[in-house]
Amino acid sequence: MLMDLCTQKGNISLVACATQMCFVFVLGGAECLLLTAMAYDRYVAICHPLHYTLIMNRKFCVKLVTACWTCGVPVMIGQTSQIFTLPFCGSNRIDHFFCDIPPVLKLACGDTFENEMAVYVVAVVFLTFPFPLILISYVRIISSILRMPLARGRAKAFSTCSSHLTVVFLFYGTASITYLQPKPRQAEDNGKLLSLFYTVLIPTLNPMIYSLRNKDVMLALRKLQSYKLGIKT
C-alpha cells in the first residue's frame, strides 16, 4: 500500500492483494486479542495489586502474547484462501484504498453467501467475544476504583485505564461497523472512512496514546525540550 501511494500507479497483482489482505487480518485479529489481554492486565493490576507479580509473571505474559499472535493466523490464512479461490470476472477495479474483504467480494462471480457468512462468523469470534471480556474487566476495575478512599488514587487509576479504553472503543467500534453491518446497509464511502480509522488513524495514535502516559517517555521529552532551549539560548 505504501509503495502504491508513492508510485501513484494504483496497480496490484492478485497474489499481492491476497497477501495484503491476509496480513491486515492477521494483525487485526492479534490486535483484538492483545487489547483483551491488556484489559486483563489492568484488571489484575488494580483489583489484585498484591498478587500482580505472581499472576502476571514473565512466563505467563510470554504465553499470553504468543497465543494472541498465533491463534488467529490459521483462521485468517484460511479465510483469505477461501476468498481468493472464487472466480473473478468483469471489472478488476477495487473501490477501496487496500484489499479489504467487502470490495474484493463485489468483484467475485457467482454466489458469495458462504464467504460472507464465514467473514461474519470470524468477525463475531474476534470482535464480539473479546469485547464483553474487556467490558467485564472494566466493570470490575471501575467498581474497585470507586471504592478507593483517596481521590488522588482514583484519578491515577482512571488515568491508567483511559488510554487503553480510548483505543478499544475506536478500534472495536469502527471494525464492528465494517464487518458486522448487514451488506445492503454498507455504504462504500463510509466503509473507506471507517477503514481509515482502524488501519491508519489508530496505529498512528497508539504511540502517542500509550507513550505520553509513560513517565520515562515524558521525562525524556522534557529533557529534549530543555536541551533544545539550552542550545537556542
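Table for the structure above
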{"read-out": "Number of the condition not met by G90 [criteria: (1) modelled with pLDDT of 90 or more; (2) more than 25 Å from L135 (Cα to Cα)]", "value": "(1)"}
{"read-out": "In the stretch 42-83, the residues that are within 19 Å of C161 (Cβ to Cβ) and outside any helix (DSSP H, G or I)", "value": "H48, M56"}
{"read-out": "Flag for F131 being closer than 21 Å to I202 by Cα, aromatic (F, W, Y) and either surrounded by fewer than 16 Cβ atoms within 10 Å (Cβ to Cβ) or in contact with a Pro (Cβ under 8 Å, 6 or more places away or on another chain) (or both)", "value": "no"}
{"read-out": "Residues of the stretch 58-111 classified as closer than 19 Å to V26 by Cα and aromatic (F, W, Y), total", "value": "4"}
{"read-out": "Residue, farthest from the chain's Cα centre (by Cα), within the stretch 98-128, restricted to residues that are open to solvent by less than 70 Å² (accessible area, probe 1.4 Å) and of a type in the set (F, W, Y)", "value": "F98"}
{"read-out": "Single unsatisfied condition, A155 versus (1) aliphatic (A, V, I, L, M); (2) surrounded by 13 or more Cβ atoms within 10 Å (Cβ to Cβ); (3) modelled with pLDDT of 75 or more; (4) in a helix (DSSP H, G or I)", "value": "(2)"}
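This table checks each residue for (1) in contact with a His (Cβ under 9 Å, 6 or more places away or on another chain); (2) modelled with pLDDT of 90 or more; (3) closer than 19 Å to P132 by Cα; (4) open to solvent by less than 30 Å² (accessible area, probe 1.4 Å).
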position	(1), (2), (3), (4)
T19	no, yes, no, no
G28	no, no, yes, yes
Y40	no, yes, yes, no
M56	no, yes, no, yes
K59	no, yes, no, no
L64	no, yes, yes, no
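The values are calculated or read from the model by the stated rules, or taken from the named source; none is laboratory data. Note that the structure is a prediction, hence the values are computed from the model and not measured. All Cβ positions, glycine included, derive from the backbone under ideal geometry; neighbour counts span all protein chains shown. Note: areas computed on protein heavy atoms with side chains; ligands, DNA, RNA excluded. Shrake-Rupley method; radii C 1.70, N 1.55, O 1.52, S 1.80 Å.
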